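Asks: Have a look at this one.
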Amino acid sequence: MWGVPVSRGFAPAYSVVDFFPIRLVAREMAAPSVLHLRFVRDDGKALDYTPGQFIQIHFPLADGSTARRSYSCATRHDHVIACGEAVEFVASCIPGGAATALFQGMAIGDTLNASGPLGLFSLKPGDANARYLLIATGTGVASYRSMLPDLERLMRERKVKVVVVHGVRTPDDLLFADEFNDTARRFPELFEYRIAFSRASFEAGDSRATPAIAQSGYVQSVLPALKPVPGEDIAYICGNPVMVDAVVELLKADALPMKDIRREKYISLK
């Protein structure tokens, strides 16, 4: 699993980065090796962010230095600024990882220092495309979960089509599948949810993949069925750097211009 975004656009130089405490309110295993963490700001203020952005957490290491890790906000955010709104993200469990030990050792109510929001991996107000291709592996799908309210609005207002493609090893590794499936059921003509299992065969009847279109293989193998169309499609790619690079090359081969390919690479850091 990949958990920390690194190759992303940062906020413009004139932006002021906000530093604030966050308090842990809930923690659960979202998958066998992925934690779903819910925090709230602990300073009485709201965290207003654009879906697709990330926050950074700052914590001390045993040698006295300070570590910093970045996590995409997974909160389904509708831009209503409200104090107490959850600050959610998913984090891969890395054996021996400092952040993993931190999250697993925290008690409910403990606080961390954070900063943000940062990043430009978000839907653009001026987009006039006919379809979004949202492609991810592992925890990279968190950004797309946060975009769901905006995507639903765009589907209603201008009938834009949306395809979410999530690459995971096995069905147990799916994240937010119930929410993507629910969106697919409510927008059957506009929203498509596809899953690629790299280390397992899809078993018909698995409720976690219904009504998703599931297949075995890597996410790259899904692209031919999507038939990307230059001038109509905008692609977002988030996750494993090898996957990101491979998908970019495939989209370029389909003549999709680079301005319509938005990417973010995740790596796992200890």
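The values are calculated or read from the model by the stated rules, or taken from the named source; none is laboratory data. Worth saying up front: this structure is predicted, and the values here are computed from it rather than measured. A quick note on method: Cβ atoms are made from the backbone with ideal geometry, for glycine too, and the neighbour counts reach across all protein chains shown. The area values use the complete protein model at the heavy-atom level, side chains included, leaving out ligands, DNA and RNA. Shrake-Rupley method; radii C 1.70, N 1.55, O 1.52, S 1.80 Å.
Asks: With charges set only on the Cβ (+1 for Lys and Arg, -1 for Asp and Glu), what does the dipole of the chain come to about its Cα centre, in debye to the nearest 20?
Replies: Rounded to the nearest 20 debye, it is 320 debye.
Asks: Give the peptides 136-145, 249-258 in descending order of average Cβ contacts within 10 Å, highest first. Could you put the intermediate results ahead of the total?
Replies: On the way: 136-145: 27.5, 249-258: 14.2.
Descending packing order for the listed peptides: 136-145, 249-258.
Asks: If you don't mind, another one. What list of ³J(HN,Hα) couplings, whole Hz, do you get for the stretch 231-240 from phi and the Karplus terms 6.51, -1.76, 1.60, once you set θ to phi - 60° and write x for glycine and proline?
Replies: Once rounded to whole Hz, the list reads x, 10, 9, 10, 10, 10, 10, 9, x, 3.
Asks: With bins 5 Å wide starting at 0, give me the P(r) of the stretch 122-177 over every alpha carbon pair, in whole percents.
Replies: That works out to 4, 17, 31, 21, 13, 9, 4, 1, in percent per bin.
Asks: What span do the alpha-carbon atoms of the stretch 60-186 cover on each of the three principal axes, reported in whole Å from largest to smallest?
Replies: Largest to smallest, the principal-axis extents are 53, 36, 24 Å.
Asks: Still on this model: With an 8 Å cut-off on Cα pairs and a minimum separation of 6 or more residues, tell me the relative contact order of the chain in percent. Please list the in-between numbers first.
Replies: Numbers: 601 pairs, mean separation 61.2, N = 270.
Averaging sequence separation for qualifying contacts and normalising by length gives 23 percent for the chain.
Asks: OK, next. Using the heavy atoms of the protein chains alone and a 1.4 angstrom probe, what is the accessible area of the chain per residue in square angstrom? Present the calculation step by step, with values, prior to reporting the outcome.
Replies: Numbers: 11740 Å² over 270 residues.
Solvent-accessible surface per residue comes out at 43 Å².
Asks: Farthest toward the dipole's positive end in the chain, which of Gly96, Val219, Pro257, given Cβ charges of +1 (Lys, Arg) and -1 (Asp, Glu) about the Cα centre?
Replies: Pro257
Asks: Taking the Cα centre of each part, how many Å lie between the stretch 169-187 and the stretch 91-113?
Replies: Each part reduced to its Cα centre gives a spacing of 26 Å.
Asks: Using Cα-Cα distances under 8 Å and only pairs 6 or more residues apart, what relative contact order does the stretch 15-75 have, in percent?
Replies: 23 percent
Asks: Further question: What is the P(r) of the chain, as percent of Cα-Cα pairs per 10 Å bin from 0?
Replies: The percentages, shortest bin first, are 7, 30, 37, 21, 5, 0.
Asks: Identify which of Phe197, Phe19, Phe121 has the largest mean-square fluctuation in a Gaussian network model of the chain, with springs joining Cα atoms closer than 10 Å.
Replies: Phe19
Asks: Can you run phi through the Karplus equation (6.51, -1.76, 1.60; θ = phi - 60°) for the stretch 65-70 and list ³J(HN,Hα) in whole Hz, with x for Gly and Pro?
Replies: Values, residue by residue: 7, 10, 9, 9, 10, 10 Hz.
Asks: Can you show me the helix-derived [θ] at 222 nm for the chain, built from DSSP H runs with n ≥ 4 at -39,500 (n - 2.57) apiece and divided by the number of residues, rounded to the nearest 500.
Replies: One gets -5500 deg cm²/dmol as the mean residue ellipticity at 222 nm.
Asks: Here's another thing I want to ask about it. Between Glu157 and Asp42, what is the spin-label point distance in nm, taking each point 7 Å from the Cα along the Cα→C-beta axis?
Replies: 3.7 nm
Asks: Please report Rg (one decimal) and Dmax (integer) in Å for the Cα set of the stretch 144-263.
Replies: Rg and Dmax of the stretch 144-263, Cα atoms, are 14.1, 39 Å.
Asks: In what order, largest first, do Lys124, Lys161, Lys259 sit by accessible area if the probe radius is 1.4 Å?
Replies: Lys259, Lys161, Lys124
Asks: Out of Gln56, Gln220, Gln104, any idea which swings most in a Gaussian network model of the chain, alpha carbons joined below 10 Å?
Replies: Maximum among the listed residues: Gln104.
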